[in-house]
Amino acid sequence: MKASKRDLLRKLDSYNLTEFQKLVLKETLNIEKGEVLTYKQLAERIGHGKAYRAVGSALKINPLAPMIPCHRVIRSDGTLGNYSGTGGSRRKRELLASENAIAS
DNA sequence: ACCGTATCAACTA
DNA sequence: TAGTTGATACGGT
């Protein structure tokens, strides 16, 4: 464990992110292993609710891509949506299959 | 299944 | 300030 969640939060504050972005990223870090939220659910969690679009934009700028469980955020349709990390949606699918054992 | 509209925040001209 | 885009959501056709 080199990067504690608290350290990541501190780093986020150091980046040139807006309050909204930081809010979304922090909430994403708060997602536990085995927890999968939809963009809408995440938006509602931070109190914006209908800002699912802005939430997606926030995750895509995510400076700690591999450290933040952004792969645990999927679409309401049950599809994985997109992923800015290595391998794109393919990698995301494997991560979810490994952590949450999603149904293929 | 496909298209249009709704809604929010950030980026660029 | 205005216009466009985006890792979406939902309803109508």
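The values are calculated or read from the model by the stated rules, or taken from the named source; none is laboratory data. As the structure is a computational prediction, the values presented were derived from the model and not from experiment. Virtual Cβ from ideal backbone geometry, glycine too; neighbours counted across all protein chains shown.
Does A:I46 count as modelled with pLDDT of 95 or more, among the aliphatic types (A, V, I, L, M) and within 24 Å of A:L9 (Cβ to Cβ)? So A:I46 fits the description; yes. Applying the set (1) closer than 24 Å to A:A103 by Cα; (2) at pLDDT below 95 to A:P63 leaves exactly one unmet item: (1). Only helices (runs of 4 or more DSSP H) whose full extent lies in chain A are considered here, and the ones with at least 2 residues that are more than 12 Å from DNA strand B (Cβ to nearest atom) and out of contact with any helix residue (DSSP H, G or I) (no Cβ under 7 Å at 6 or more places or on another chain) are A:5-14, A:88-99. Residue pairs whose Cβ atoms lie under 8 Å apart, separated by 6 or more positions or on different chains, with the first residue in segment A:59-79 and closer than 13 Å to A:S89 by Cβ and the second within 12 Å of DNA strand B (Cβ to nearest atom) and at pLDDT 95 or above, are A:C70/A:L59; A:V73/A:Y39; A:V73/A:V55; A:V73/A:L59; A:I74/A:Y39; A:R75/A:Y39.
If you scan segment A:20-41, which residues turn out to be over 9 Å from A:P69 (Cβ atoms) and in contact (Cβ under 8 Å) with a residue 40 or more places away in the chain? If the condition is that a residue be over 9 Å from A:P69 (Cβ atoms) and in contact (Cβ under 8 Å) with a residue 40 or more places away in the chain, then A:Q21, A:L25, A:G34, A:V36, A:Y39 are the ones that fit. Here A:R93 meets each of (1) surrounded by 13 or more Cβ atoms within 10 Å (Cβ to Cβ); (2) more than 10 Å from DNA strand C (Cβ to nearest atom); (3) under 17 Å from A:K22 (Cβ atoms) with one exception, condition (3).
Residues in segment A:19-28 that are within 13 Å of DNA strand C (Cβ to nearest atom) and either crowded, with 18+ Cβ neighbours inside 10 Å or at pLDDT below 95 (or both): 5 in all. With respect to the stated conditions, A:N100 fails to be in contact (Cβ under 8 Å) with a residue 24 or more places away in the chain, of a type in the set (S, T, N, Q) and crowded, with 16+ Cβ neighbours inside 10 Å.
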